[in-house]
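The values are calculated or read from the model by the stated rules, or taken from the named source; none is laboratory data. Treat the numbers as computed from the prediction; the structure is a model and nothing was measured. Cβ: placed from backbone, ideal geometry, glycine included. Neighbour counts: every protein chain shown.
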Amino acid sequence: MSKPNDLLSQGRKFTKEEVDYKLSSEPKEHRCGICEYRLHIGGTDRIECGIVEGGIEDLKGCKLFEIDLIHAALHPGPKPSK
């Protein structure tokens, strides 16, 4: 299996299947909503990823996740249900 840095060095976008895109098992720490590759498409409600093909959802994630510390601090994860 390729390491995330090896994949990123290819300089292309990946399919969701290639990067194991799915509902994050750790939504407070590992989700598209706080990833540095998350891109808001100006003038729309669309959110895309700079390295994964197609639209993304904030509570999903993939193996190429890299945290955007500023966004994470300003937008903390969902509160755990009791």
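Condition test on GLU26, is it of a type in the set (D, E, K, R), modelled with pLDDT of 85 or more and surrounded by fewer than 17 Cβ atoms within 10 Å (Cβ to Cβ)? Steps first, answer last, please.
Values: of a type in the set (D, E, K, R): yes; modelled with pLDDT of 85 or more: no; surrounded by fewer than 17 Cβ atoms within 10 Å (Cβ to Cβ): yes.
No; evaluated as a whole, the condition is false for this residue.
Please work out if GLY55 is touching a residue at least 12 places away in the same chain (Cβ under 8 Å) and either of a type outside the set (Val, Ile, Thr) or buried (at least 20 other Cβ atoms within 10 Å of the Cβ) (or both). Steps first, please.
On the way: touching a residue at least 12 places away in the same chain (Cβ under 8 Å): no; either of a type outside the set (Val, Ile, Thr) or buried (at least 20 other Cβ atoms within 10 Å of the Cβ) (or both): yes.
No: the conditions fail for GLY55.
Can you find, within the range 59-82, the residue that is surrounded by the fewest Cβ atoms within 10 Å (Cβ to Cβ) among those that are among the charged types (D, E, K, R), at pLDDT 85 or above and touching a strand residue (DSSP E or B) at 6+ places or on another chain (Cβ under 7 Å)? Working first, answer last.
Step one: list which residues in the range 59-82 are among the charged types (D, E, K, R), which gives 60, 63, 66, 68, 79, 82.
Next cut, at pLDDT 85 or above only: 60, 63, 66.
Cutting the leftovers down to touching a strand residue (DSSP E or B) at 6+ places or on another chain (Cβ under 7 Å) gives us 60, 66.
Working: LYS60: 19, GLU66: 11.
The residue in question is GLU66.
So, in the range 1-21, of the ones that are within 12 Å of PHE65 (Cα to Cα) and modelled with pLDDT of 90 or more, which residue ends up surrounded by the most Cβ atoms within 10 Å (Cβ to Cβ)?
The extreme case among them is TYR21.
Taking only pairs six or more apart or across chains, which ones have beta-carbon atoms under 8 Å, a first residue in the range 34-46 that is of a type in the set (Asp, Glu), and a second residue that is assigned to a strand (DSSP E or B) and at pLDDT below 90?
Sorted first by the residue in the range 34-46, then by its partner, the pairs are GLU36/ILE67.
Being within 10 Å of the chain's Cα centre (by Cα) and modelled with pLDDT under 90: is that true of ILE34 here? Quick ask: steps written out before the conclusion?
On the way: within 10 Å of the chain's Cα centre (by Cα): yes; modelled with pLDDT under 90: yes.
Spelling it out, ILE34 is indeed within 10 Å of the chain's Cα centre (by Cα) and modelled with pLDDT under 90.
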